[in-house]
Amino acid sequence: MITEEKKEEKNLNFIEEIIEADLRSGKYTQIITRFPPEPNGYLHIGHASSICLNFGLTNKFPGYTNLRFDDTNPVTEDTEYVESIKRDIQWMGFKWENELYASDYFDTLYEYAIKLIKKGLAYVDDSTSEEIAVLKGTPTEPGKDSAYRSRSVEENLVLFEQMKSGAFPDGSRTLRAKIDMAHINMLMRDPILYRIKHANHHRTGDKWCIYPMYDFAHGQSDSIETVTHSICTLEFVPHRELYDWLIAQLDIYPSHQYEFARRNLNYTVTSKRKLLQLVRENHVSGWDDPRMPTISGLRRRGFTPESIRDFCDRIGVARRENMIDVGLLEFCVREDLNKKALRRMVVLDPLKVVITNFPEGVTEMCHSENNPEDVATGSREVPFTREIYIDKEDFMENPGKKYFRLAPGKMVRLKSAYIIECTDFVKNEAGEITEVHCSYIENSKSGHDTTGINVKGTLHWVSAEHAVETEIRLYDRLFSVEDVSAEEGDFKDFINPKSLEVITGYAEPALLEAKGDESFQFLRKGYFVKDIDSTADKLVFNRTVTLRDNWAKAAEK
């Protein structure tokens, strides 16, 4: 019996089913896919799904995936973006067969345009963009022919050559396909194939001042590369008819386009235009700000490639769009880091504890496991002294019945150390508790406890004498509303004012040995990663995610 879960699982893999059928029938002996980003910004979590899908298919089936940059708009593109995209894909764990660029095909695309003109299927239009928009009609009303639609083949060839040679200013002319101005699909109403842009291209320099539109470059580039399965998101469904028409009219390799649903993430925006706004207006520190949904931002925040691939696998591939809870992404990184992150003790809001019956000037070493999920990681030494720090929230003057942390007359265990009992505390003039006095129970040391005393609470702590001052950046969701696109007004009005809190914490000395972007679980606090801003004199750690989903808890309340 096929369960509903299994039906959904099958539906999520509909592209794989198509490929299996194509290979089984002998239509193809191998498949070729491509990941075609435009280098006008950094990749984000939405692109991660496309990366996992395109590269994942050719990991599963015979064939390969090309990385092709859709660099047809020199005004917005930059080599910085090219390099960041390559870096992100490699970090995600994928390798491309060929590194290609739409600009590699500019000469061929120009010849394709000439071929369409000669077949009477393209013409040079002098209309302005506003005039073209008016003449295009509406979804319920047919468009009207441009006054320049009836130009002869010879005149169009001359004008198009003049466009190429730089005879005309930007926006003064376009090359349009001659299809049908009454077509039910508005994208088939004489779409623009080329526009004039006198701009320096990051690869071709000033060689060209006319550039192909995406719809013209896309299918033809796929065909040149003999891409078998050109996978796009659902917004390209109306474009497929033009994709097929151009390939048919040019009589070139028949690549085929397939569409899957974009997955939207709550509390997030993934529009490149909006992300660029956030960067340029300094709402974030850059494209790799750990609050950004960019792959580089997620990497800097401490997300692992394994957790992102797991997330993409869990959300699957579907035919209809829906909103994905960012909590699932956070769950995936928790699952991964729980297995691999080393444990360390860090106090984020320090309260001094004096252990009055422990000798002054003495340091005793305790041993604490690095990761209980992986015994191969061994243990480390943690210094224990008369004065230690605990977190302020771990002491309460007048606790309730279910409070199992430190309080007057109460006992707790210090992680990997001794059981202590609160005997007194000190307040300042404002009535705030500034110091707690305790006594430790001899013979209660972890691993050697012979007291028989059972306590319910275990606290993390650090030796005051050995504590390493550390900058802690507590990151949270960048937006305070679930669906930013559904809100009225400027999307930036919904930036979460608590998306970043910077505090000073105190860490055990073992954290000084942290390497690169190494991740750690700060006991009872969450998962953290060493930031690139760290120096020899100053440690900086970013919170990747809390130990539990605090947003879900808040929603329940």
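Listed by first and then second residue, the pairs linking a residue in region 122-133 that is closer than 11 Å to D145 by Cβ to a residue that is at pLDDT 95 or above and surrounded by fewer than 17 Cβ atoms within 10 Å (Cβ to Cβ), with Cβ atoms under 7 Å apart and 6 or more places separating them unless they lie on different chains, are Y123/R149. Number of residues in region 506-537 that are of a type in the set (K, R), at negative phi and modelled with pLDDT of 95 or more equals 2.
Tell me, yes or no, whether region 59-72 has at least one residue that is out of contact with any Phe, Trp or Tyr (no Cβ under 9 Å at 6 or more places or on another chain), over 27 Å from R291 (Cβ atoms), buried (at least 19 other Cβ atoms within 10 Å of the Cβ) and among the aliphatic types (A, V, I, L, M). No, the conditions are met nowhere in region 59-72.
Please work out if S221 is in contact with a helix residue (DSSP H, G or I) (Cβ under 6 Å, 6 or more places away or on another chain), buried (at least 19 other Cβ atoms within 10 Å of the Cβ), among the polar types (S, T, N, Q) and closer than 19 Å to L57 by Cβ. Judged against the criteria, S221 is a match. The residues on offer are E235, E241, E225, and the sole one that is over 18 Å from D107 (Cβ atoms) and within 30 Å of the chain's Cα centre (by Cα) is E235. Against the definition (within 22 Å of P238 (Cβ to Cβ), in contact (Cβ under 8 Å) with a residue 60 or more places away in the chain and surrounded by 14 or more Cβ atoms within 10 Å (Cβ to Cβ)), how does Y101 come out, yes or no? It is false that Y101 is within 22 Å of P238 (Cβ to Cβ), in contact (Cβ under 8 Å) with a residue 60 or more places away in the chain and surrounded by 14 or more Cβ atoms within 10 Å (Cβ to Cβ). Counting only strands (runs of 3 or more DSSP E) wholly contained in region 316-358, the ones carrying 3 or more residues that are under 18 Å from F522 (Cα atoms) occupy 342-344. Considering (1) open to solvent by 70 Å² or more (accessible area, probe 1.4 Å); (2) within 25 Å of I453 (Cα to Cα); (3) not aliphatic (A, V, I, L, M), the lone condition that G361 does not fulfil carries the number (2).
Quick check: is even one residue across region 459-468 at pLDDT 95 or above, among the hydroxyl-bearing types (S, T, Y) and closer than 18 Å to E330 by Cα? No, because not a single residue in region 459-468 is at pLDDT 95 or above, among the hydroxyl-bearing types (S, T, Y) and closer than 18 Å to E330 by Cα. Open to solvent by less than 50 Å² (accessible area, probe 1.4 Å), modelled with pLDDT of 95 or more, within 30 Å of D336 (Cα to Cα) and in a strand (DSSP E or B) - does that describe any residue in region 364-379? Yes; the residues of region 364-379 include at least one that is open to solvent by less than 50 Å² (accessible area, probe 1.4 Å), modelled with pLDDT of 95 or more, within 30 Å of D336 (Cα to Cα) and in a strand (DSSP E or B).
Within region 151-193, restricting attention to residues that are out of contact with any Phe, Trp or Tyr (no Cβ under 8 Å at 6 or more places or on another chain) and among the hydroxyl-bearing types (S, T, Y), the residue that is farthest from T138 (Cα to Cα) is S165.
When each of I117, I132, I89 is tested for being farther than 18 Å from F216 by Cβ and surrounded by 13 or more Cβ atoms within 10 Å (Cβ to Cβ), the lone residue that passes is I89.
In region 435-490, the residue that is most open to solvent (accessible area, probe 1.4 Å) out of those that are free of Cβ contacts under 8 Å to residues at least 40 places away in the same chain and either of a type in the set (A, V, I, L, M, F, W, C) or touching a Leu at 6+ places or on another chain (Cβ under 7 Å) (or both) is A486.
For (1) modelled with pLDDT of 95 or more; (2) surrounded by 15 or more Cβ atoms within 10 Å (Cβ to Cβ); (3) of a type in the set (G, A, S), each residue gets a yes or a no:
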site: E97; (1), (2), (3): yes, yes, no
site: D107; (1), (2), (3): yes, no, no
site: E111; (1), (2), (3): yes, no, no
site: L121; (1), (2), (3): yes, yes, no
site: D126; (1), (2), (3): yes, no, no
site: T138; (1), (2), (3): yes, no, no
site: A147; (1), (2), (3): yes, no, yes
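Here region 393-409 is the region considered, the condition is being in contact with a Gly (Cβ under 9 Å, 6 or more places away or on another chain) and either farther than 17 Å from L351 by Cβ or among the hydrophobic types (A, V, I, L, M, F, W, C) (or both), and the residue that is surrounded by the fewest Cβ atoms within 10 Å (Cβ to Cβ) is F404.
Taking the numbered list (1) open to solvent by 10 Å² or more (accessible area, probe 1.4 Å); (2) within 21 Å of F35 (Cβ to Cβ); (3) in contact with an Asp or Glu (Cβ under 7 Å, 6 or more places away or on another chain) in turn, K197 passes all entries but (2). For region 543-550, the criterion of being modelled with pLDDT of 90 or more and surrounded by fewer than 20 Cβ atoms within 10 Å (Cβ to Cβ) is met by at least one residue.
Report whether or not R240 is at pLDDT 95 or above, open to solvent by 10 Å² or more (accessible area, probe 1.4 Å) and closer than 28 Å to R524 by Cβ. It is false that R240 is at pLDDT 95 or above, open to solvent by 10 Å² or more (accessible area, probe 1.4 Å) and closer than 28 Å to R524 by Cβ.
Yes/no per residue for (1) assigned to a strand (DSSP E or B); (2) surrounded by 15 or more Cβ atoms within 10 Å (Cβ to Cβ); (3) among the basic types (K, R):
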position	(1), (2), (3)
N156	no, yes, no
L159	no, yes, no
P169	no, no, no
R176	yes, yes, yes
H183	no, yes, no
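Tell me yes or no: at least one residue of region 185-196 is free of Cβ contacts under 8 Å to residues at least 40 places away in the same chain and farther than 30 Å from I15 by Cβ. Yes; the residues of region 185-196 include at least one that is free of Cβ contacts under 8 Å to residues at least 40 places away in the same chain and farther than 30 Å from I15 by Cβ. Kindly provide the set of residues from region 306-342 that are without any contact (Cβ under 8 Å) to a residue 40 or more places away in the chain and small (G, A, S), ordered by number. The one that is without any contact (Cβ under 8 Å) to a residue 40 or more places away in the chain and small (G, A, S): S307. Being closer than 24 Å to S485 by Cα and more than 15 Å from the chain's Cα centre (by Cα) holds for only one residue in M396, M323, and it is M323. State yes or no: is I419 open to solvent by less than 40 Å² (accessible area, probe 1.4 Å) and closer than 26 Å to V540 by Cα? Here the answer is no, as I419 does not meet what is asked.
The values are calculated or read from the model by the stated rules, or taken from the named source; none is laboratory data. Quick caveat: nothing in here was measured; it's all calculated off a predicted structure. No Cβ is skipped: glycine too gets one built from the backbone with ideal geometry, and neighbour counts run over all protein chains shown. The accessibility values were calculated without ligands, DNA or RNA, using every heavy atom of the protein model including side chains. Shrake-Rupley method; radii C 1.70, N 1.55, O 1.52, S 1.80 Å.
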